[in-house]
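The values are calculated or read from the model by the stated rules, or taken from the named source; none is laboratory data. What you see is a predicted model; the values in this text were computed from it and never measured. Please note that ligands, DNA and RNA were not included when accessible areas were found on the heavy atoms of the full protein model with its side chains. Shrake-Rupley method; radii C 1.70, N 1.55, O 1.52, S 1.80 Å.
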Amino acid sequence: MDGIFSTLPLSLLLLLQSCGVWGAPPQPRGTLCRTKPTDLVFIIDSSRSVRPQEFEKVKVFLSRVIEGLDVGPNSTRVGVINYASAVKNEFSLKTHQTKAGLLQAVRRIEPLSTGTMTGLAIQFAISRAFSDTEGARLRSPNINKVAIVVTDGRPQDGVQDVSARARQAGIEIFAIGVGRVDMHTLRQIASEPLDDHVDYVESYGVIEKLTAKFRETFCVVSDLCATGDHDCEQICISTPGSYKCACKEGFTLNNDGKTCSACSGGSGSALDLVFLIDGSKSVRPENFELVKKFINQIVESLEVSEKQAQVGLVQYSSSVRQEFPLGQFKNKKDIKAAVKKMAYMEKGTMTGQALKYLVDNSFSIANGARPGVPKVGIVFTDGRSQDYITDAAKKAKDLGFRMFAVGVGNAVEDELREIASEPVAEHYFYTADFRTISNIGKKLQMKICVEEDPCECKSIVKFQTKVEELINMLQRKYILWMLFVQHPVG
């Protein structure tokens, strides 16, 4: 379990987003994304530390970003610089004028496999790749100049001065670091604000997960609600290049995804909810405190009572420990106090053992579960399980428990899918970058409320106005920790 800790906050936000504003989840209704004319140059590290199979992952990432662009001589032009000890211009901004041509050219790129001259590669971008002879357009407010640097190590030359010259020349620089990259170097390379221009992933195996961020970055037509270009009856929610419909309080979204029906009222539905929390050593003590604080923010949004929501909490590492069972605490104050007292376990990652505990104990009548009440389990992890999960995961779903699986960093996607209920797309979530939480949340189609009466979803969560500010707070905390604690300037 070597992944960066961010699983739990992500999972909880996913849970919160499940019901839209009220009733059924907001449904995607439209899509429109045009990219502003851009001269885009990828600068990719293929030094000896980048293994061949890892370099293939970089090429997949490039291809996914390109697929989301409007490519053409009057829209977006793309070039690629490959570097190690030397710099190779794989193709220029003028070389390929179609998306198909670019994708074919990316597939042909081979790694160089020597040193790491990042500064030399950035200088090459300034003097040649962004020159008019290579297809770059004249500097203009209507045309973006963008470089995306991907590297996994410490450069063997200087990057600070040359990166400053590139930014002064009007080039916006994004820096993506992988694995044991030097974070100080990324900050020297990237444009301001650093929060938007520096990204980190644990391994090349998950770099493709940054695709959504860059598609959103390049998308300039994003607020269809503001322009009135939608067919929502009550509430239109903007997403990048698209929108979703939702309903006001007291109404629920109909199956057509755009009209609303009045709710019949009622005091809310019952729910037995158990959090299965990864407390292994990679979480780190300071982040475990953040977990507890955020869990209590979630508890604050629930209607906790004997007839409505009950919450149980289980922590696991090399062993499993029930922090408190369903129904032990009858109000939010007592639950929050118990969460604050929870001690961090550390050690290993026995996800299979934890799932078996959930099946055999957490949802039993002896542990406070109520017959006939929906059972929801939420599993959070950031690494590979050290034991077998298949039997317990299958049994949980066979018993009718609704299982959500959320992973981050080095979490194994096959394991997450095995845990998740059907349809897996609505119950399984993965992110490589904590800053993509808002994107995932807005696309979420989960429903943890009683499906027969979506109006009663409001008894489970009262969150809509809080979600964005919680996301922003966690993003700020994560970035500060990421840049200054885990990778201090050496």
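With 28 Å as the limit on Cα-Cα distance, the pairs of 244/330; 248/332; 333/394; 307/336; 213/356 that go past it are 244/330; 333/394; 213/356. Converting phi to 3J(HN,Hα) with the Karplus coefficients 6.51, -1.76 and 1.60 and the offset θ = phi - 60°, segment 125-138 yields 4, 5, 7, 10, 4, 9, 8, 5, 5, 9, x, 6, 8, 4 Hz in sequence order, with x at every glycine or proline.
Couplings 3J(HN,Hα) of segment 75-91, computed from phi: 10, 9, 10, 10, x, 9, 10, 10, 9, 8, 6, 10, 10, 10, 7, 5, 7 Hz, in residue order, whole Hz [Karplus 6.51 cos²θ - 1.76 cosθ + 1.60, θ = phi - 60°; x for Gly and Pro].
Taking amide H as placed 1.01 Å from N in the peptide plane, the amide H of residue 271 sits under 5 Å from that of 309, 310, each at least 5 places away or on another chain. Subtracting the Cα-Cα distance of residue 48 and residue 169 from 0.36 nm times their residue separation leaves 40.5 nm of extension gain.
Computed over protein heavy atoms with a 1.4 angstrom probe, the accessible surface ordering of 243, 344, 388, largest first, is 388, 344, 243. Heavy-atom accessible area, probed at 1.4 angstrom with all protein chains present, ranks 107, 284 as 107, 284, highest first.
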